[in-house]
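To keep things clear, I will list the structure first and then write my remarks on it.
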Amino acid sequence: MRRTVSLSVAVTIGALAVAGCGSSDKPSAASSALNKPSKAAAATATVQLAWSHTGTFFDEPQVWYVAHVKNPGSSEASIALDARALDKTGTIVGSNQAVLPNIPAGATFDYFGYLGGGGAFDTKLTGTPVKVQISQAKNAFGQAGAVDEPMLKTGELTLKQGHEDTNTDASDSYNLTVKVTNSTKGTVAGGVTQQVVLYDAKGNVVGGDTGSSDNVPDNLPTGMSYREEWTGIPAVAKAVRAVYTVWQG
């Protein structure tokens, strides 16, 4: 899998062996359908920019960002983010609106996204970005209300350092394997969105990726599991911990 929870699962590199890595085509981030009504509330969550990096993907400028989302409410939250890359004059040079998975009551979630790049599904930036601006999208779901994008259960996650080219300016590369279980009440069909955020020993974000899965079954009944393999996860510094998340949509 390239560029790409369940209840987020974390792993720390310690006794893990070092291995190689690879990658898959990068799809657009958070391409969630907006036509599935949900009881999830949208009002209580707060968002703030936790990290950003301006680099390249296939030799084109690309901005990575991580938004830290909090849901202090008593019910799950369904929200969308507006992300904007700005140049030195404050002019927008790239933007998108990302639909996040439903965030459980009292939980926090780090969302990984990107703007620009030279991939087949990427929209090029129209200028040189120097800043990323993050905000919660207002009335993002229109008449449909909130969306139903539940996280899936994950476990048995391993993270290993790799050496394959990530097609980015990142100095480091990582491989990940994980077991994903359909913990929802219905069959998961039509694909999933997944992401991984990488952290250093001090807990700072140093990289990550997002996208769809090549490994998820066409139909995944409730309670059944599959194995996910992800290679070529880029990082701008050494990572010791990974948080992986996957949700239907």
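Here are the numbers:
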{"item": "Linear extension gain, residue 59 paired with residue 224, 0.36 nm per residue minus alpha-carbon span", "result": "55.4 nm"}
{"item": "FRET efficiency, residue 128 to residue 171 (Cβ-Cβ, R0 25 Å, nearest 0.05)", "result": "0.70"}
{"item": "Full-extension gain in nm, residue 49 to residue 215, via 0.36 nm per residue minus C-alpha separation", "result": "56.7 nm"}
{"item": "Per residue accessible area of region 104-249, 1.4 Å probe, in Å²", "result": "43 Å²"}
{"item": "Cα gyration tensor, region 140-216 - rounded (a/c under 1.5), prolate or oblate", "result": "prolate"}
{"item": "Centre separation in Å (Cα based) which lies between region 175-249 and region 84-129", "result": "19 Å"}
{"item": "Whole-percent carbon and sulfur share, accessible surface of region 66-173, 1.4 Å", "result": "46 percent"}
{"item": "Residue 92 paired with residue 121, simple spin-label distance in nm, labels 7 Å along Cα-to-beta-carbon", "result": "2.2 nm"}
{"item": "Positive-pole candidate from 118, 75, 94, dipole of region 53-125, charges at beta carbon", "result": "75"}
{"item": "Cross-link pairs 131/238; 88/153; 88/160; 124/202 - those with Cα-Cα distance over 30 Å", "result": "88/153; 88/160; 124/202"}
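The values are calculated or read from the model by the stated rules, or taken from the named source; none is laboratory data. All figures in this text were calculated on a predicted structure; none of them were measured in a lab. All Cβ positions, glycine included, derive from the backbone under ideal geometry; neighbour counts span all protein chains shown. Ligands, DNA and RNA are stripped out before the accessible areas are found, and what is left, the full protein with its side chains, is counted by its heavy atoms. Shrake-Rupley method; radii C 1.70, N 1.55, O 1.52, S 1.80 Å.
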